[in-house]
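Worksheet: the structure to be examined is printed underneath.
The values are calculated or read from the model by the stated rules, or taken from the named source; none is laboratory data. What you are looking at is a predicted structure, and each value in this text was computed from that prediction instead of being measured. Reconstructed Cβ throughout: ideal geometry from the backbone, glycine too, with neighbour counts over all protein chains shown. Each accessible area value is taken on the protein alone, full model and side chains, heavy atoms only, with ligands, DNA and RNA left out. Shrake-Rupley method; radii C 1.70, N 1.55, O 1.52, S 1.80 Å.
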Amino acid sequence: SLYRLIAGASIAIPLAVIIGMSIAMNKWCSFIFTPLIATLYPMPKLALFPLLLVIFGLGDISKIALITVGIFFWVLFYTLHGVQRLFTEDYMDIAAAFGIPLLKKVRRIVLRGALPEIINGVKTGLGHGLSMVVASEFTFSKNGIGYFIWNAWDQFRIVDMYCGLVVIGSLGIIAYYVPENIKNNLVEINRFGIND
């Protein structure tokens, strides 16, 4: 389960950050991606699982794809919000006035400025990703925490079922506090102007 969650997050988070920043900074990217996102976001993510099973088969790849989709939209929207906030303030005008190159502007201003929102998106997305992990393992799986809980319920092993829920809760606590701790450390670094 942890492997599937980490694999899904490793795909979803960079992709969501790149697409979110591109949409916020480039009108053509916004024109291309916004209708697609507006179409896919309202769909229940579990409703996509049968389609993912058809495309990727019954193995881990379809489960990782579902987890990726579950995490992706949360990180995307938080990234969009963070970057758009920067554009409503004076940071981008100052960067343009000083002629800062695009890559340096993205790395030193946009990414750093939007980082608190991005990490909030990661925090929320990982929580949602855990739900997708369990849901994807309820069906067509022979291992994982979701399979364990379903199997325990099916065989009326109530204590085992609650143990599985405690494990998920523990993973949720980790998924909440690790990004929060990273965010607090990064805010301190940015406050004191420590270089990369």
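Within this structure, Leu86 passes the test of being at pLDDT below 85 and either within 15 Å of the chain's Cα centre (by Cα) or of a type outside the set (Val, Ile, Thr) (or both). Remark: pairs (first residue in segment 1-18, in contact (Cβ under 8 Å) with a residue 12 or more places away in the chain and under 21 Å from Trp150 (Cβ atoms); second residue open to solvent by 20 Å² or more (accessible area, probe 1.4 Å) and not in a helix (DSSP H, G or I); Cβ separation under 8 Å; 6+ apart in sequence or on different chains) = Ser1/Gly144; Arg4/Gly144. Cβ-Cβ distances below 9 Å connect the following pairs, each with a first residue in segment 137-155 that is open to solvent by 100 Å² or more (accessible area, probe 1.4 Å), a second residue that is in a helix (DSSP H, G or I) and among the β-branched types (Val, Ile, Thr), and a separation of six or more residues or different chains: Trp150/Val134. Scanning segment 40-56 for residues that are closer than 25 Å to Ala114 by Cα and either basic (Lys, Arg) or loosely packed, with under 12 Cβ neighbours inside 10 Å (or both) yields one hit, Pro42. Condition check: open to solvent by 40 Å² or more (accessible area, probe 1.4 Å), more than 30 Å from Asp154 (Cβ to Cβ), within 16 Å of the chain's Cα centre (by Cα) and not aromatic (Phe, Trp, Tyr). Does Thr79 satisfy that? No; evaluated as a whole, the condition is false for this residue.
When segment 80-109 is filtered for residues that are under 20 Å from Ala12 (Cα atoms) and either touching a helix residue (DSSP H, G or I) at 6+ places or on another chain (Cβ under 6 Å) or not in a helix (DSSP H, G or I) (or both), the ones remaining, listed by number, are Leu80, His81, Gly82, Val83.
Phe72 meets the conditions (1) surrounded by fewer than 18 Cβ atoms within 10 Å (Cβ to Cβ); (2) in contact (Cβ under 8 Å) with a residue 60 or more places away in the chain in every case but one. The failed one is (1).
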